[in-house]
Amino acid sequence: MGSEGSKSSLCYDIFDSPLGPLYLIFSGRLLSGISFSKPLNTPFKKGAAQESFIIELRSYFSGTNSEFRQEIRFLTGTDFEKKVWSALRKIPFGETRSYKWIAGKVGNPSAVRAVGRALSKNPVPIVIPCHRVIESDGSIGGYSSGVDRKIRLLEMEYYAKLNKSG
């Protein structure tokens, strides 16, 4: 993995989003985390995010970008969690899928609770859209960054998609 993947090369930047500050954590040029709270007691130093990624975030929050191209490096996660996170990227902008749908996509239809646990550990929310996963009955479900934020993200995407199509 080299020195680019070491903890000492981690840095963070702050992006002011409509949902509050986002702390963007990078391993070299690769995105490794997004958090709604400042990284505490970590070796992270203040740095600058890739300008291309800042443009993607601004466009996402303005409703004009529905896909992120920023490369990601997972610093944590089991193989199962990484499969779940990868499956999340298949959920189209402005749409939702169920925990059961994700479990089926990763080849384990009975692993609905394990999918929920994996979602709660998603290190890159928004870019890896765990907010697009809801309960099979249509109820909102949980969100590690707060259900209110999940609802706002879903509403923002829904209205952006509606405005593009109509």
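Just so it is clear, none of the values below were taken in a lab; they were calculated from the coordinates. Fair warning: this is a prediction, and the values are worked out from it, not measured in the lab. Cβ: placed from backbone, ideal geometry, glycine included. Neighbour counts: every protein chain shown.
Computed quantities for the displayed model
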read-out: Read-out Rg and Dmax of the Cα atoms in Å, derived from the coordinates shown; its label in (1) 18.2, 52; (2) 15.8, 49; (3) 14.2, 41; value: (2)
read-out: Calculated Rg and Dmax of the range 8-72 using C-alpha coordinates, Å; value: 11.6, 36
read-out: The range 79-165 pair-distance distribution - Cα-Cα, 5 Å bins, rounded %; value: 3, 16, 28, 27, 16, 7, 3, 0
read-out: Charge dipole magnitude, Cβ of K and R +1, D and E -1 - the chain, Cα centre, debye nearest 20; value: 300
read-out: Set Lys121/Lys161; Lys90/Lys161; Lys38/Lys121; Lys46/Lys150 screened for pairs whose C-alpha atoms are more than 23 Å apart; value: Lys121/Lys161; Lys46/Lys150
read-out: Antiparallel DSSP beta bridges within the chain, as percent of all bridges there, nearest 5; value: 70
